[in-house]
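Here is the structure we will look at, set down as structure tokens.
The values are calculated or read from the model by the stated rules, or taken from the named source; none is laboratory data. What you see is a predicted model, and the numbers here were worked out from it, not measured in a lab. Reconstructed Cβ throughout: ideal geometry from the backbone, glycine too, with neighbour counts over all protein chains shown. Each accessible area value is taken on the protein alone, full model and side chains, heavy atoms only, with ligands, DNA and RNA left out. Shrake-Rupley method; radii C 1.70, N 1.55, O 1.52, S 1.80 Å.
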Amino acid sequence: MSVVARMPKTAKERGRIAPKKLAHFVLRTKMDRVPLILDWYKRVLEGEAMMETPMIGFVTYDNEHHRVAVLGLPGVTDHVDMTCGLHHVAFTYTNLKDLLHTYDRLKNEHDIKPQFCINHGPTTSMYYFDPDKNQIELQVDNVPEEKFAEYFANGEFTQNPIGIKFDPEVLNARLRAGESEEVLLKRPNGVPPDLTEFPIN
Ligand SMILES: [Fe+2]
């Protein structure tokens, strides 16, 4: 399989008008599950409700009025795996320390644990399921933004565009022991997991 990876120019650099930002996503759920789903996003994202009713709620964690909204609608049925549509949504943390702090907080305070942890190369990523089985990735960029072009040109991602799995407990112990984030974020050598190992939703 031939893989080509590169960082394209931004739309602005190409002289085009594109959106300013990715604003929010809205989840549909059963009418009686709105508080449950909202609560999960508040916990995971350290968010608070901008507006909340038993039928609909808007959650934010920054100066955007809402980053996630949950809408209860009549007739909504249970999640079905492997249908067309959204696979996951990713949130990026400032650094590995913040990502692992969040891993610890969710595990210890809320018994929320990732389904799958992998260093993709460009990112170190943890995949979670919300109570409706929507998949959320919490991640940190492994290289600074200004070095993405250089990273994609070095061939590592081309050789293995999937990644290498990691144990968050081991990574956490190494960070606490004083190893640098630069070292810990570098993808180790190894064999990528089979795609069937990825959590299905
Ligand atoms: Fe992702």
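List of remarks:
- Listed by chain and number, the lysines whose alpha-carbon sits under 16 Å from that of Lys97, ignoring those within fewer than 8 places in the same chain, are Lys107, Lys186.
- Counting 0.36 nm for each residue step from Ile200 to Thr77 and taking away their Cα separation leaves a gain of 42.5 nm.
- Helix-derived mean residue ellipticity, 222 nm - over the chain, DSSP H n ≥ 4, -39500 (n - 2.57), to 500: -7000 deg cm²/dmol
- Nearest-20 debye value, region 1-98 charge dipole, Cβ charges on Lys, Arg, Asp, Glu: 660 debye
- Cα shape, region 21-111, gyration tensor, a/c 1.5 rule: prolate
- Solvent-accessible surface of region 93-136, taken per residue with a 1.4 Å probe and all protein chains present: 38 Å².
- Accessible area of region 23-74 divided out per residue, in Å², using a probe of 1.4 angstrom: 53 Å²
- Contact order normalised by residue count of region 23-74, Cα under 8 Å, 6+ apart, percent: 46 percent
- The portion of the accessible surface of region 40-194 made up by carbon and sulfur, rounded to a whole percent, is 53 (1.4 Å probe; DNA, RNA and ligands excluded).
- Among the trypsin sites (Lys or Arg not before Pro) in region 129-165, those located in a DSSP loop and surrounded by at most 16 other Cβ atoms within 10 Å of their own Cβ are Lys133.
- Translational diffusion coefficient of region 23-74 (Stokes-Einstein, Kirkwood radius from Cα pairs, 20 °C, 1.002 mPa s): 204 µm²/s.
- Projected-area mean, the chain, by convex hull of Cα positions, square nanometres: 13.5 nm²
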